[in-house]
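Colleague: Questions regarding the structure given below will be posed in turn.
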Amino acid sequence: MIKEFCQEQFVSKGMIADFAIHDKGDGNPHAHILLTLRAMDEHGKWLPKARKVYDLDENGERIRLSSGNWKCHKENTVDWNDQKYAEIWRHSWETITNRYLEAAGRPERVDLRSFERQGIQQIPTVHLGPAAHQMEKRGVETFLGNLNRDIRAVNSLMQSIRSAIRGLQRWIADLNEKKQLLLDALEKAKEPTLSDLLVDYFNLRNEQRSDWSSKAQIKCTARDLAEVMQAVDYLKAHSLNTVEDLNAAIKDLSQTAAPLRKQLKQNENRMRSIAQIKDATAIHAKLKSIHDTFIKMNFKLTKDAYAAQHKEELDTFNKAVRTLMKLNGSTAVDFSALDAEFSALQSSSAELRAQLETLQPDVSALKNIRKYIDMVLNKQQLSAPGGKMPEKESVLKQLEQFQQKKSHHKTTSTTPNREESL
């Protein structure tokens, strides 16, 4: 796979590719690819990296400078080091890797896009580094390890809320379709309320247990009665009577959760940046003496030998500097300010998580109501010829019988029953 990738993206363009595959058996096999940035002719001779190009005026004539020389500039002979190729190479690697995964019968697929570009609302974890990784393996908690555990917990909570809301939204869309079928059958008859549908659910559950023992029927009927009464109480407490009301409640729940999830993601991203700044600062302090010694050297051979000897340390130092400049704007870090900011972000995230957790009871209640009403509507559809809704006459007759039954119980029964309670 590496050979095919190098041939397609580099060698075919004239580059020389030298690759090495590393696999220590630790679950992180990877490859390093070194490329040439200068072209070579057919005789194996290196060609120049750049060429001199004369600047021309609007008439196509060379421009003479006050010094008497012609104005000119350098142009690279090849564009192999152009930033645009980063995306091209990443896309090519995505394509070839997925092709090999498919050929191997593997379900996994790779994607060159970041979570943000894919529209995935997930906070990435922090790279531990070898020292923290070894400590965590020995069971020693580290700052970065704890941060990653917090991030995973937040991602899990956010995913749970998102999944529940998406499920409710899909259910509402499906429920609207079923409701429309029911309205078409009833025509001008009254639209069933959520409480009516819960009554139907309770009666349906009793019918399903008609061949059970008396003891089992009583036990399960009492349980269903408690569950349905809890659902009815929730509907009353939140003034939810129709499918439209339920739809609005789910929409409000989604709108309440969305800004909380967004702010929580922003907090965790900033906390991850602070952790990276601290990590980079520690590396910068540790390797600064090696870098300073290298900078002070003047003799080229000695400097090159020193650079080769300390290549890993110098590369790590430079990477830390780049991280600090990108995230902090300077290699000088105010730890007091960062610690105060991190503490404030932790408190804010804890409060946001608490707010998200307060939405869970509403999510659970709405999911239960969805389950009850789904059973009723699916039963009505399946009981009709061809799996369709019953004919208009049978639906109206059932509704009329139900209304008469309710009226009869209100006037003659002295013992509270299910219909009266609802």
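The values are calculated or read from the model by the stated rules, or taken from the named source; none is laboratory data. Quantities reported herein were computed from a predicted structural model and do not represent experimental measurements. Backbone-built Cβ (ideal geometry, glycine too); neighbour counts: all protein chains shown.
Colleague: Would you be able to tell me the number of residues in region 15-29 that are under 17 Å from Glu4 (Cβ atoms) and part of a strand (DSSP E or B)?
Modeller: 5
Colleague: Right, here's the next one. Got a number for residues in region 180-194 being surrounded by fewer than 19 Cβ atoms within 10 Å (Cβ to Cβ) and at pLDDT below 75?
Modeller: So the answer is 10.
Colleague: Out of curiosity, is Gln255 surrounded by fewer than 19 Cβ atoms within 10 Å (Cβ to Cβ), under 29 Å from Asn328 (Cβ atoms) and under 26 Å from the mean Cα position of the chain (by Cα)?
Modeller: Judged against the criteria, Gln255 is not a match.
Colleague: Another question, if that's okay. If I ask for residues that are under 34 Å from the mean Cα position of the chain (by Cα) and at pLDDT 90 or above, which ones from region 24-64 would you list?
Modeller: Within region 24-64, His30, Ala31, His32, Ile33, Leu34 qualify.
Colleague: Something else: Note down all Cβ pairs under 6 Å where the first residue falls in region 109-128 and is surrounded by fewer than 15 Cβ atoms within 10 Å (Cβ to Cβ) and at pLDDT 75 or above, the second is among the β-branched types (Val, Ile, Thr) and part of a helix (DSSP H, G or I), and they're at least six residues apart or on different chains.
Modeller: Val110/Thr97
Colleague: Still on this model: Taking region 54-88, which residues are assigned to a strand (DSSP E or B) and touching an Asp or Glu at 6+ places or on another chain (Cβ under 7 Å)?
Modeller: Those that are assigned to a strand (DSSP E or B) and touching an Asp or Glu at 6+ places or on another chain (Cβ under 7 Å): Cys72, His73.
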